[in-house]
Structures are given as C-alpha cells and as structure tokens.
1. Would you mind checking B:Lys77/B:Lys175; B:Lys333/B:Lys494; B:Lys77/B:Lys202; B:Lys50/B:Lys75 for any pair whose Cα atoms are more than 24 angstrom apart?
2. Putting +1 on Lys and Arg Cβ atoms and -1 on Asp and Glu Cβ atoms, find which of B:Ile194, B:Ala256, B:Leu40 reaches farthest to the positive end of the dipole of the protein assembly as shown.
3. When B:Glu148, B:Glu456, B:Glu306 are ordered from fewest to most other Cβ atoms inside 10 Å of their Cβ, what list results?
4. Taking the Cα centre of the protein assembly as shown as origin, work out the dipole magnitude from +1 charges on Lys and Arg Cβ and -1 charges on Asp and Glu Cβ, in debye rounded to 20.
5. Among B:Val367, B:Gly417, B:Ser447, whose Cα projects farthest towards the positive end of the dipole of segment B:277-508, with charges put on the beta-carbon of Lys, Arg (+1) and Asp, Glu (-1)?
6. In a solvent-free Debye calculation with one equal scatterer on each Cα, what is log10 I(q)/I(0) for chain B at q = 0.08 Å⁻¹, listed in the order of the q values?
7. Subtracting the Cα-Cα distance from 0.36 nm times the residue separation, let me have the gained length for A:Phe79 to A:Ala250 in nm, one decimal.
8. Put +1 on the Cβ of every Lys and Arg and -1 on every Asp and Glu Cβ in segment B:277-508; which of B:Ser314, B:Ala346, B:Val378 then has its Cα farthest towards the positive end of the dipole?
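Please treat every number below as a calculation from the coordinates, not as lab data. On a predicted model such as this, the values are computed, not experimentally measured, just so you know. Cβ: placed from backbone, ideal geometry, glycine included. Neighbour counts: every protein chain shown.
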Amino acid sequence: MRVFGYRLSVGAWVGLMIVTINLLGAALAPVIAPHGEADLVGDVWAPISAHAWLGLDNLGRDMFSRLLFGARTTIAIAFLITVLSFAIGISTGFAAAVLGGWVDTALSRFVDALMAIPQLIFALIILSVMGTSISVLICTIAVLDSTRVFRLARAVGLNIAVMDYVEVARLRGETLWWIMRREVLPNALPPLITEFGLRFCFAFLFIASLSFLGLGIQPPFADWGSMVRDNAQAINFGGIAPLIPATAIAQLTIGVNLLVDWFLSLHSRGQGQGA
Amino acid sequence: MSEVILSMEDLRIEARSEHEAEAKTIVDKVDLRLRQGEVLGLIGESGAGKSTIGLAALGYTRTGCAIAGGKILFKGKDIRALSLDQRRRLRGRSVAYIAQSAAASFNPAKRLYQQICEGPVRHGLMGYDQARSEAVQLFRELDLPSPETFGERYPHQVSGGQLQRAMAAMAMSCKPDLLVLDEPTTALDVTTQIEVLAAIRKLIRDHRTAGLYISHDLAVVAQVANRIMVLRHGKKVEEGETDQILHHPRMDYTRALVSIREAGTGRPGGKARVEEPVLEIRRVTASYARLARVVDDITLTVRKGETVAVVGESGSGKSTLARVITGLLPREKGEILFRDASLPPALLARDRDLLRRIQLIYQMPDVALNPRQRISEVIGRPLDFYLGLNGTQARARLGELLRAVGLSEEFASRYPGELSGGQKQRVCIARALAAEPDLIICDEVTSALDPLVAEEILRLLGRLQRDNGYAYIFITHDLGTVKRIADRVAVMLKGRLIAEGPLEKVFAPPYHPYTELLLSSVPEMDTHWLDGVLAKRVKQGVSAPS
C-alpha cells in the first residue's frame, strides 16, 4: 500500500495498524463494549475472566468497556487541543516570521515568558481557578502547547519568508494573511505535520497527567489517565488493573510515533517530487 | 613525453534516487587523458557532468551517485580498486580540489594557517612549522598581500579574491600531482577574476601540476587550458587543442557556445525619437539601518521602450537601487518620479495600480517561484489581483501569456519543480507581463542560466520590449550582455554613479578609468587575452581595487 505516493515501511505499517485499531475502537465503543461506561458489573478488581476480558476496576466496572469509552474522550480531546494549539501557534509564528521587527520581538518574548513557567504547574493554577470543565481544559492546554508550535512555525517560516517568491507577493501588495496562507504554509507543511503527530501524543499524555492529579476529565467519564489514577492502589495488592490503561496510553503513543517517524524520514530525504 | 597523471576510460557514472527504479546516467562513456603539466578544460552547461567527472578524479561521487563502469587510472593505478583508507591518502596529497565558493569551504572559526597546514601535517608530509613556511612561500607566489602574516587572519578578514587564492594555496600545500579546479572564479567579479586567474595559472605552470579546469565560461578556460573537452548531457561532444576549439569548432554545439561571445554588439536600429520618461530618479540616497550609504546620490532617467543597464561589481549597490525603486527599501533622500508623479518611498504607501506598473524579475527563478503553486496559479494570481480577471477570461489570458514567453499551454498545470531553469525564468517573465507593467526591473535575470539559455531569454525580453514598449532597468555584472541589449548604461561603484549615458558614449573612449578597468576585465575568446591584459596593466601601473 502507498500513502501520499510513498511506500510504507514496516514500522509505519505497525503504526498505522495501531492507530486504526484505536480509532475504530473509539468510534465503535457503544457497539463493541460489553458493558456501559459507568455500569457496576462485579467485584472490585475482579481478575481477568471470560466475563470481563481485562478484569474489573476499583468500583467493579468493566475495564475493557471503559478503555473503549476512554479512547473516545482521550483521543477526541487530545485532537481538539492539538488542532487549536496549531491554529494559534502557526498563525502567530508565521506572523512573527513574515513581519519581523518589533512584532517578532514582542511575540517571541511573550512566548519565552510563557515557556519559562512549568507547564503542569501553570495548567494546575488555571484549572483550579477556572474550574475543570472540558472547554477550559482544552483551551488551557492548547494555549500552553501553542508556545512550542510557535517556535517551530517561526523557525520554519523564517526560512521561507526570505525566499524571493514571498518578496514577489509582498511587492504585488498581498495581505499578510494571504502571504501566510498561500506562500508560507504550503512550504512549511511537512515539518508541521510531523510536529502535529508528536504534539498529539504529548497532549493526551498531558491530559493523562492532569487526570491523574484529579484536574482532568471528571468522573464518571472514563479517560485513560484517570483510569490509571483510580486503579493505582491495586498495585499494592498485586493487581494489574492500573497497568492496563497505562499500556493503552503507551501503545497509542508508540503507534502515532511510528507513523510520525516514517513521515519524518520521508522529508529528511529531501522534498521528493514536486507534487 | 611527460608522464600520464590521470586517465579515464569509458567512465560511466549513474545517479539513483529512492523514488525512481531506473538509474540515470549522468556521465556516459567519457575518455580522458592528462599528462604532467597539462591543463584540460571541461566545458558544458549545468548538468553536463563536468563537476561529476572532476570529483571522480578524486575517487569520489556525490551522495546518490555511483561509478557504474569504466576505469579511472591515477598514475597507472586504478582508483576504483583502492580501499577507503587508500583513497583518503590519495585525496589532498596527490589529487587536490579547489571549489567554487571559497567562503563556504573555509571554516570561519579557524585561522587560514591552521586550515592550510592541516593537509600536509595530517598526511605526515612535514611538521607544522615547515608547513607554515611553505604556506608563506605559496602566499608569495600567489601575490597575496604581506605573505608572512596573511595566514594569521580569519577567512572573513580577507576579500573574496584573496580567499579564493588562499584556497589555491591550501590545495597546493601537499604539492599534488593533479589539481581539480571546479569553477574557481565563477563567483568572483570580473576585475577580481583576472587576479585569481593569473595567480592560479602561474602556480600551475611553476609547479608543473596537471589540472582539470571546470567552467561554463569558455573564455575563462581558454586562458588556462591547453586542451578543452566540451560536454553535454554527460557525453563528450568534442575535444581538442584550445585554439582549435575556439577558432575551428567541429560540432554545432561547440559552435553555438563560441558564437554567443562573439554575437554582434549594439542593438539593431537606434531609437528614432525620444520617448517620454517613465521613471526619473533624482539624487536618491538610501542605506540599510542608517549605516553606510549603499545608494548614494543617484540620478537616472528611464524612458518608455528603453533599456537602461545598471552595471557594477557585487557590493556596488545596484540591486539595492532596485529595492529602492520598488519600495522594499524606502529612500532617505531624493525624489523618484514615476510617470510624472512622485513615487511614495515605502511599499505600503503605494496603491495597487502603482504596484502593478513596476514589476521585478529575479536572478534565481528557483526561489522566485513558490514550489507549491502550479504555474496557472503563479501567473493567474496577478491577473486576478490587479486586473480582476477570472474564469474563462483569465484562462485565455494565461494561454496568451504562456505563448508570449514561448511556452505551451500545457505548462499551466505543472509545478515549478517540473521545469528547467530557462523555463522557470520564462514563467517569471510571464508573471511580470501579467501585470501589464510600464517598467520591468530585471535583476541579473540571466546570471544563473546557462549561456545558450540566457541568450534565448535576452532575445525574448528584446522581442517583448519591441512589441509592448516596456521600459527595462537591467541590472547586471556581465558587460557582454550590456553591450548587446542596452540603450543607456549607468556604471555604479560603491553606491555612486560614476558614468551614465548612451551605450556608445560610456563604452567608448574617453573612458572613466573604472569603466575601462571593467571593460578590459571581461575575458575574451583568445588564448593570449590574459597575457595581453596583464602586460598592459603592468605598463600602465593599473591594478584592480582589492
């Protein structure tokens, strides 16, 4: 099989399989899941059995069903956060690159200031002040994440902004928006897409850590991070319950990264064909 | 007969990219033989395989290329059979390489000595102190200023011509038997080129080194080479003594290469009447960040249907003048009138119609076209943006424009990456024409192109001017081009205009001394040209400004 006209490597194949299975699982959760997200179906931390494929959790809910439903929230929210952070990061980063001068200085220093504050602490403060609704969670992480995107977009944009074709557009009298969208963006896509994959992983790891601290997605909704936290105690009794959602996080991270690595390797090889 | 240093037999080099199953042959069945003290010139367009052959003499190929067949014998030993370690001992010591850009080849963080002595010391030929005194000797032979202390400097502390000579010293530091010179003077100004050329030639002759001299400029090669090999598409077109190639070329392709330089001077038919001025520059001054004036008190008039050539060396401010006219660099003093109205200094203060009327064509078509836009979008955007054309009207106009620059309509759906250098420059011209301008500024539009392609572009620009009456400002360092296309000439030196007027006047005696220096520095298709110029300069006591 070929994607974007390129042959898939073995690693990319595995990555693609993992991501596809995860997405299918999330999409079809209500159909596949043997039990509801919040249904109590048996004893606390009941072991793996034919009845419960991955055992039960700290309240006796079915782990497998919760994993499927958790995939929905985790993936959807991580995706939203990444899209939002890229929209903010790319537009500000390109503006800084194309306009230069004091705009660049002001934006860059502001971003430096944001980055100087530890992300997790910053998120904790905002979430505890503003409350832990999903929209606040998404906006907070997106803004924090966009500082990293800004840096990349600015660096890539700077290399493109000095090209003669950007000057041609400027001489023609094009607006900043047009230059950013039509001249810079198409040429900056490869590294940005690669970064998108990585940021996506970081986003759901970040939600997981927030959930683990109790500030992420609130019960009874399942998400992989809070599932780890809720079941953490089982380790003391020799149970494997927290390892199951942790494995879920790990496998999706690996899958996305395999795809991203493959994409990176394509572009480190040069620009390929014109199209 | 002296010893054969290098011979290549039936050499074939292939390039293999990951996306294509079939390997592309970039050097095909090339035979070559070089004796001690002999210089062979390799001539050809870009992509002719001349640099690839030069590198093959060091047993090296660029990434993605491989020597697929044939023999490379260095003093009778096959280089291809050598191990990596043996090759490393060969390179630098027995075969040395001089690259086009000295600035990119020196490590800016190390003094020149450290880099020049590295070769002989690492190869175990001599100690550092001896290498250093040998280097001083080489500096002296290369006419470098204060040879005893020259090596103490860092690369950025010497001029481009001096750095290129320092690279020649580096190449000669191990007393190699063979020198590969890959366009060593191409990046230099004509006046500097002479010095470097003379120095390199003297060095090769004194040391009886064999040389492979790679260049696209036949006139330059003619000064150094005993024999010339003309290459095209990786194949040998013809090989012969330098005089034979220059004066009695056998093949059509060689004939075309030779005749460009000899093409008639002056333009057919002078202007019958004086047209109204399009652009009047009056005492304009500009600088970057208020530092030294890059454009200093320039006054220049461009009339309808007229070509004004602005000539000068790099750093003379000629491209900056273009930036001042287009508004990218606002002028600080002076006035520019465009069609009798004052031109706002800054780009943002100009309205769309004014922007439309002044168009700029760039030196490098590769970076002047967005690689992610189809040609239809590249040319279609100004049609839509300035003239509000879209749909069928725009498509019809797009077709007209493509035909006007000599491209077929199929090109509309292609990306720039699928075009050759000459075709890309044609698209850039079409993009400028799409705006229906009054004034077109051509900034070194032919410098990055091969001579035959450049010739076609010049002809195209001439035809378009006759048909549409555009005014051109033609910025170039190539005086050969100027002679053929310009009505008026402006000579710039260090930001100032030192001579301005009709071509016949500026380029005829009595010259301004600098104009004369420039003119006499343009290489001619004559093996004795360099000797003649040098002899004359010694007599007059003129030396190029370095």
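1. Values: B:Lys77/B:Lys175 19 Å; B:Lys333/B:Lys494 17 Å; B:Lys77/B:Lys202 29 Å; B:Lys50/B:Lys75 21 Å.
The answer is B:Lys77/B:Lys202.
2. Value computed over the given set: B:Ile194.
3. Values: B:Glu148 10, B:Glu456 16, B:Glu306 21.
By the 10 Å Cβ count, ascending, the order reads B:Glu148, B:Glu456, B:Glu306.
4. Values: 92 positive and 84 negative charges, 179 e Å.
So the dipole magnitude of the protein assembly as shown works out to roughly 860 debye.
5. About the Cα centre, the residue reaching furthest to the positive side is B:Val367.
6. With one equal scatterer per Cα and no solvent, log10 I(q)/I(0) is -0.60.
7. Working: separation 171, 0.36 × 171 = 61.56 nm, distance 1.68 nm.
Taking 0.36 nm per residue and subtracting the Cα distance, the gain is 59.9 nm.
8. Selected residue: B:Ala346.
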